[in-house]
Each structure stands twice: as structure tokens, then as C-alpha cells.
Amino acid sequence: MAAIETAPLPLPPSADLSKFVDFGREVKGVNPGTLTPEQFKEIERLLYKHSALLFRNVDLTPEQQYALTKAFDPTAENYGHGNNKTEGTKKSILHPDLKTIPRQPQVQLIGNGTVYNHEGLAEAKLKHPSHTTFHKTRVSEEDEAKGITRFYRWHIDAALYDLSPPKVTTLYGIEVPQGPRQVCRYDDGTGEELEVPLGTTAFVSGKTMFAILPPELKSLAVRSKVKYAPHPYVWMAPARAKPTGLGIESDSLELPLSELPPWEESKIKVLPLLWKNPVTGDLHFEVHPCGALELLVDPLPEGAKREGALHPDGAHITDLQTVRDLLYKMQRPAIAPSLVYPHDWHEKDLVLFHNRGVLHSVVGAFKSDQVRAFHQCNLAASDDPVGPDADDVKKWA
């Protein structure tokens, strides 16, 4: 059997190389659509160790993509948001972005423009999500014409209600329009910006997000859980996001819980802020800030230093603005330009990412006549993520 080779990802000049020592690998010498069980085991280990894997010049059918994705979680069956994708409602903010491959419904066609005769779809009108419809403020049309853009929404692929967050997402580029690079502005008063390839997918490491926190925020993170809203994508649909794409502005625009599709308390997700990597044991800060409703903080363990600690006796934080401000304070440092990997897509690129180890965002804007077609697959997991254990709490709290 030929050895699986790896090489570092092509990091941009903006990247702080010291923070990308373990993050991301290009995998060579193996076809991801036809892996032997031994090869898959090695790919699985590499993915959990490095968070994102890139394969170039891959020919991959929807069936092969589904099989590869499922191999990471063999008892998983449904697409990550459920096989009707959006809880049977047209109100969800995800609704316009997804089209299903008829013979392999767990694989979604995403992109931009109109695609004809594609894998059993006679015609599919695709729309690249744009910050102009989701953020509270927007880049001016003049600036947009000059190639200024934003992160759309930093997120984890997950329904965040009823279904468990997928372990792995696979993204496969089929038609990739080329065009001038764009400048992604943060527009949050920091003056930060990041030069990006057209239509990049941007990734940040949840491991780094935790690692760079000061001790008092590490202590808070290791003791906290987030309670998500029921049907969060319907709940948040009327609200608008921050200019960094990292969470929602608190303008009380969310749908009242009484107006959501029917929901059950038992299906609401309460998940740790930190998810434990099943291979490395590392803690990854994994919160979808847009869907967060409340924070539950455990008290400090016995013997922990109380001086300077936040919520030393524990807390149940239900004020939405407070919840969002606290999460933003913890998550914003990790999306700094030097910590973002913006993937430069080429046709037949396949990217696998550890959906429980990274956050990612769609970036950029296409014109309506620029055709882009990708296949995306993730599966609602067979279990919820595991949080910090007693030793982790003792170490970081």
C-alpha cells in the first residue's frame, strides 16, 4: 500500500505560522473516494489531529462523498439539519441556500447562479449567501464594486435542536469561478481586514480559540454550557448579525419562542462551550454564537483560586445581551486576520473538516452570472460532543 503523504496547507502571508503548526494538511497519494479501511483509519486520525484536510484533483460521486462522510460516524444517517433540512418551514434562514441531490439526499448542492442538468436536477437556482441580507449594516455598493466584502456567518454545521452536531463536513468544489481577490473587512472599529480569494471558505481553530484566552476566561469556558434556542435558525431569522459575522446584534428582533414551529423542551440542546477532541484530548471552543440563548456556569471546583474569577459560585445567565457579549469577548480574538485560514478553492478540491473542532464562514460576493457549484455533506451525529472532564476542570478553572 502506498504511503499517505501530507504537506502543510498553503497558508496566506497574513497567517501567524506559529498558530498553524498543527492546523490543516494537504493529503496526497490516496483517493478519498475509494479508501481501504486501513487508509480511512489514517485519514480519520489525521483529520482529528489537524482539523482540516485538503485533497486536490479528486473525482468524487455524491455516493462516494456520502460514504466517506458516514465512515466517520457509521450509525449516523440523516443530513445534519434533518432530511427535510429546515424543520418543514420556509422561514429558516438556511432555506434558500440548500438544494438536495435527489438520489443521495444527504448531499447538498450549494453555490451561486443557475446550474442545469446536475446529478438529476434539471435546473437549480443557487444563491451564495451574502452579508448584505444578514448583517445589520452592509458594505456600501461602491465599496462592494471595488471588491470589499465580509465574513457572512461564523458557525458550526449543526441543527442545534433535536439533532446532534455533525462530526465531519465534506465540501467538494465542482465549478469554481475565478476572479479578483477581495478584501474582507471586519468593520468593528478595529480597522482589521483580510485579503481573501474570491468566494473563500474561512476556517479558524477552536483549539486556538481556547488556547489564546486569558486564565479567567479559560476558567469560565471550562465550567460553562450554552443552551441553544429551539429551532434556532427560525428564531434568529428576523434578527441581524454583527459586522464580523460572529453572532447577532441584540435588537430584540428574534421571533418569540411562542411563535416558533412546535418544539419540546427535551429536544433543546445544552452543550459544553468546550468540546473534547476524541483523538488528541485537546479542548476546542465550539459555540455557534447566533443560536445561543442562555449560559449555565458551574461553580469553581473546591480549592480553585477565587481571586479574579468570573462567576466563582456559578451562574445561570438568561439576559441575551449579556450572553452574547460574553461569548463575543471569548470568540472574537480567534477570528483575527492572522488566525484565519481562507481556502483558495480550485475545481475538484475536496476539503474535510472536523466540524467539532473548527468554526467556519462563507465569505465574499458573486455576481448573479458567476456560476459556482459545490457538494456539501454532513450527518447529524450519533451522539452529542463530550465536554471537559474533571481533570480539565481542575487544570483550567
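Values as computed for the structure displayed
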read-out: Count - residues of the stretch 129-174 that are in a helix (DSSP H, G or I) and surrounded by fewer than 17 Cβ atoms within 10 Å (Cβ to Cβ); value: 6
read-out: Which numbered condition Val351 fails, given (1) of a type in the set (Val, Ile, Thr); (2) assigned by TED's automatic domain parsing to the domain that holds Asp392; (3) within 29 Å of Ala15 (Cα to Cα); value: (2)
read-out: Number of positions in the stretch 218-245 that are over 13 Å from Leu257 (Cβ atoms) and part of a loop (DSSP other than H, G, I, E, B); value: 9
read-out: Matching entry among Asn112, Asn117 (being on the phi > 0 side of the Ramachandran plot and either out of contact with any helix residue (DSSP H, G or I) (no Cβ under 9 Å at 6 or more places or on another chain) or not assigned by TED's automatic domain parsing to the domain that holds Val234 (or both)); value: Asn117
read-out: Long-range neighbours under 8 Å by Cβ, at least six apart or interchain, first residue farther than 26 Å from Lys207 by Cα and polar (S, T, N, Q) within the stretch 22-46, second surrounded by 14 or more Cβ atoms within 10 Å (Cβ to Cβ) and modelled with pLDDT of 95 or more; value: Asn31/Val58; Thr34/Gln64
read-out: Gly281 among the small types (Gly, Ala, Ser), free of Cβ contacts under 8 Å to residues at least 24 places away in the same chain, in a loop (DSSP other than H, G, I, E, B) and over 24 Å from Asp384 (Cα atoms); value: no
read-out: Candidates Val226, Val234, Val183 - the one that is modelled with pLDDT of 95 or more, β-branched (Val, Ile, Thr) and within 20 Å of Pro272 (Cα to Cα); value: Val226
read-out: Some residue of the stretch 209-229 being polar (S, T, N, Q), over 18 Å from Leu293 (Cβ atoms) and free of Cβ contacts under 8 Å to residues at least 40 places away in the same chain; value: no
read-out: Within the stretch 104-122, tally of residues that are outside any strand (DSSP E or B) and either in contact with a Cys (Cβ under 9 Å, 6 or more places away or on another chain) or within 15 Å of Leu60 (Cα to Cα) (or both); value: 1
read-out: Gly189 being surrounded by fewer than 24 Cβ atoms within 10 Å (Cβ to Cβ) and in the same structural domain as Phe134 (by TED's automatic domain parsing); value: yes
read-out: Tally, over the stretch 111-128, of residues that are within 24 Å of the chain's Cα centre (by Cα) and crowded, with 20+ Cβ neighbours inside 10 Å; value: 4
read-out: Failed criterion for Glu195 (all others in (1) outside the structural domain of Leu352 (by TED's automatic domain parsing); (2) of a type in the set (Asp, Glu); (3) farther than 19 Å from Thr133 by Cα hold); value: (1)
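The values are calculated or read from the model by the stated rules, or taken from the named source; none is laboratory data. Keep in mind that this is a model prediction, so the values were computed, not measured. Glycine gets a Cβ as well: all are built from the backbone with ideal geometry, and neighbour counts include every protein chain shown.
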